[in-house]
Amino acid sequence: MEFLTDLVTTVPDGTSPSKVVELRDAEAVRAAELAKKGHLVRLWRPPLGPGEWRSIGLFRAADETELREVLATLPLHVWMKITITPLTPHPNDPEKRTRE
């Protein structure tokens, strides 16, 4: 099943810059691992305001419970507000048409 996620990260006041760099680097490593396992399909960065951290992602998981478990493994998860939208195929999806 595919899910659209809106990931908004808010770094707590007083967090050291070195801790932020450490977690962002770890986040990149974990994202690559999740992509290799087939969970993370795509990531986008929408237009951002100053200091805003936000990503929109397309993930695959058996169900929302598994997705939440996957997302909980992200190093920045503790600072994220996550909105999950389950997706179902649309009959007019161009990708579906190329498979027929």
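The values are calculated or read from the model by the stated rules, or taken from the named source; none is laboratory data. Remember, predicted model here, so these are calculated numbers, not experimental data. As a convention, Cβ positions derive from the backbone with ideal geometry for all residues, glycine included, and neighbour counts pool all protein chains shown. Protein only, heavy atoms only, side chains kept; ligands, DNA and RNA dropped before computing areas. Shrake-Rupley method; radii C 1.70, N 1.55, O 1.52, S 1.80 Å.
Considering only residues that are at pLDDT 95 or above and of a type in the set (A, V, I, L, M), which ones fall in segment 41-75?
Once the filter is applied, which keeps residues that are at pLDDT 95 or above and of a type in the set (A, V, I, L, M), segment 41-75 yields Val41, Leu43, Ile56, Leu58, Ala61, Ala62, Leu67, Val70, Leu71, Ala72, Leu74.
Filtering segment 52-98 down to residues that are aliphatic (A, V, I, L, M) and in a helix (DSSP H, G or I), which residue is farthest from Ala28 (Cα to Cα)?
As a first pass, look at segment 52-98 and keep what is aliphatic (A, V, I, L, M): 56, 58, 61-62, 67, 70-72, 74, 76, 78, 80, 82, 84, 87.
Checking which are in a helix (DSSP H, G or I) leaves us with 67, 70-71, 78.
On the way: Leu67: 18, Val70: 14, Leu71: 13, Val78: 16 Å.
Among those that are aliphatic (A, V, I, L, M) and in a helix (DSSP H, G or I), it is Leu67.
Give segment 24-47 a look and list any residue that's assigned to a helix (DSSP H, G or I), open to solvent by less than 90 Å² (accessible area, probe 1.4 Å) and not small (Gly, Ala, Ser), or say none. Steps first, please.
Step one: list which residues in segment 24-47 are assigned to a helix (DSSP H, G or I), which gives 24-36.
Still in the running and open to solvent by less than 90 Å² (accessible area, probe 1.4 Å): 26-35.
Answer for segment 24-47, where residues must be assigned to a helix (DSSP H, G or I), open to solvent by less than 90 Å² (accessible area, probe 1.4 Å) and not small (Gly, Ala, Ser): Glu27, Val29, Arg30, Glu33, Leu34.
Only residues that are of a type in the set (Asp, Glu) and touching a strand residue (DSSP E or B) at 6+ places or on another chain (Cβ under 6 Å): list them for segment 1-49, please.
If the condition is that a residue be of a type in the set (Asp, Glu) and touching a strand residue (DSSP E or B) at 6+ places or on another chain (Cβ under 6 Å), then Glu2, Asp6 are the ones that fit.
Note down all Cβ pairs under 9 Å where the first residue falls in segment 1-17 and is under 29 Å from Leu87 (Cα atoms) and free of Cβ contacts under 8 Å to residues at least 60 places away in the same chain, the second is open to solvent by 50 Å² or more (accessible area, probe 1.4 Å) and part of a strand (DSSP E or B), and they're at least six residues apart or on different chains.
From segment 1-17, no pairs qualify.
Determine whether Val11 is open to solvent by less than 40 Å² (accessible area, probe 1.4 Å), under 23 Å from Val70 (Cβ atoms) and modelled with pLDDT under 95.
Working: open to solvent by less than 40 Å² (accessible area, probe 1.4 Å): no; under 23 Å from Val70 (Cβ atoms): yes; modelled with pLDDT under 95: yes.
The answer is no for Val11.
If you scan segment 54-94, which residues turn out to be open to solvent by 40 Å² or more (accessible area, probe 1.4 Å), among the hydrophobic types (A, V, I, L, M, F, W, C) and within 10 Å of the chain's Cα centre (by Cα)?
Across segment 54-94, the qualifying residues are Ile56, Ile82.
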